[in-house]
Every structure is written in C-alpha cells, then in structure tokens.
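Working notes for the structure below.
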Amino acid sequence: MINLRRTIFFLILVGILSSLVHAAGMYHIGKDEGGVYMDTDQDGSWYIDPDHIRDFSIGEAGTYTIKADSNGTFLITSKGNKYYINRKAQERWENELQTFNEKQRQKLNETQVNLLDGNHVLIPVTLGYGNNELEITMLLDTGASITVLHRNVAEKLNLKSISKAKLMIAGGQVLDSDIVKLDYAKVGPIKKQGFEASVIQHTGPPTPYEGLLGMNFLKGLDYRIDYERERILWKP
C-alpha cells in the first residue's frame with residue numbers, strides 16, 4: 001500500500017493510536033522512488049524521516065511494539081530502536097538522551113577528590129602489579145618529579161626493587177628509596193602502563209594518604225581542579 005505512506009516520521013493513520021497502544025506486529029524495511037519506508041502487517045506503511053534512515057537497513061525485518069509514556073506514543077523495534085510517533089516528542093526524547101549521554105561522558109572524565117587543608121588534593125589511585133591490584137589515596141604533588149609510595153603499599157603489592165635512589169623531600173631531607181616498576185597506575189579515565197615509582201619508609205604521624213602522585217604521571221595530561229565541587233576534570 002505504497003499510496004498510504006507519508007513523509008512525516010512515524011505518523012500512523014488516523015484512529016490507530018488509541019486502539020494499538022501496546023499492540024505488536026511485524027515490520028519490513030524497503031525502498032522505492034519516494035525513499036526508505038517501513039511496511040507493517042498491522043498499521044500500514046510510511047516513509048522514514050531522513051534523520052533516522054541510518055538506523056535501518058534495506059531488507060531488514062523484525063517485530064515492533066507501539067507503547068506510550070509521559071512524552072507520548074512511541075514505536076520500539078526488536079532491534080531496540082525507539083522512535084516517538086509525534087515529531088516533537090521524538091525531538092524531546094532525543095534531547096533528553098543526548099543530555100543523559102553527555103552527563104555520562106562527563107562522569108567518565110571526572111574524578112572525585114578530597115581536599116586537605118583547603119588546597120591539597122587527595123586523589124584515589126589504582127595500582128596494579130602482577131595479579132595484585134590496590135586502590136589507595138595519594139596526595140597530588142606537582143612539585144614531585146617522580147611518584148612516591150609508602151613502603152606498606154609496596155609490600156601489599158609485592159613490588160620488587162629494580163634500583164636504589166636518593167630522594168629529596170620537602171625541607172631538604174634526603175631519604176634512601178627503592179625504585180619499583182608497576183604494571184600500571186590508573187586515575188579516573190587515565191591509565192599509564194609500565195609506571196615507575198619511588199618507595200620510601202614513612203616516618204612520623206599517620207597521614208590520610210599513602211604516597212605522592214608526581215609529575216611522571218601528571219606530565220602531558222590536560223586537567224583542571226574544580227576546588228568548589230572537589231573534582232578533577234580530565235580533558236580528552
């Protein structure tokens with residue numbers, strides 16, 4: 001029934017919507033001189049809006065269901081594609097989906113941190129070595145050329161020393177340290193493989209962190225610290 005097709009996206013014939021909400025049927029995707037169309041066994045046929053042709057393949061067939069929600073009446077195919085019959089409702093749903101996806105992408109590019117004394121950033125870091133993986137809290141330190149781990153972290157991961165080094169810390173004190181090589185270090189969406197760190201024996205009162213995240217991890221990364229929201233925003 002090619003003559004029944006309409007160019008408005010999923011506008012079904014008058015009187016069908018009230019009786020077929022929740023109904024199911026079979027559909028087939030075809031093409032003629034008027035464009036790409038959906039032909040159904042229950043609701044006639046109609047042309048597909050050019051913006052959504054990419055979601056279909058000529059010759060595709062399957063089942064569909066007509067349902068309704070607070071936005072309006074929609075059609076959902078067995079492939080999982082969802083389209084509102086009312087164009088404004090479709091646009092509203094697509095905008096909501098775009099907003100949701102943007103928020104999800106934003107979450108992936110954000111890392112929750114804690115602030116120490118107002119401006120020192122404590123950040124969760126995942127370390128991996130062999131079959132061991134450990135998440136610890138580290139102090140972000142752009143003044144440290146190499147990442148530093150407290151010895152108890154190295155022991156938990158069973159890290160092996162690959163060399164010895166002298167490490168100068170704040171105040172000019174020089175400490176003996178072991179250089180270790182982790183399989184990886186990961187912060188939020190950022191993961192660095194074959195990552196070296198310096199291991200020291202922590203002395204003094206307990207701290208809320210177990211090492212310093214230094215420039216050998218941070219170098220080359222584009223990020224911004226949002227102190228108000230206590231987030232690190234990583235730029236792809």
- Within region 203-236, can you find the residues that are in contact (Cβ under 8 Å) with a residue 40 or more places away in the chain and at positive phi? 211, 230
- Taking region 111-129 as the region of interest, how many residues are under 26 Å from the mean Cα position of the chain (by Cα) and either assigned to a loop (DSSP other than H, G, I, E, B) or crowded, with 17+ Cβ neighbours inside 10 Å (or both)? 9
- Any chance region 201-210 includes a residue that's in a strand (DSSP E or B) and in the same structural domain as residue 113 (by the TED database)? no
- Message: Let me confirm something: among 99, 77, 73, which residue is outside the structural domain of residue 159 (by the TED database), polar (S, T, N, Q) and at pLDDT 85 or above?
- Response: 77
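The values are calculated or read from the model by the stated rules, or taken from the named source; none is laboratory data. Remember, predicted model here, so these are calculated numbers, not experimental data. Cβ sites come from the backbone with ideal geometry, for glycine too, and all protein chains shown count toward neighbours.
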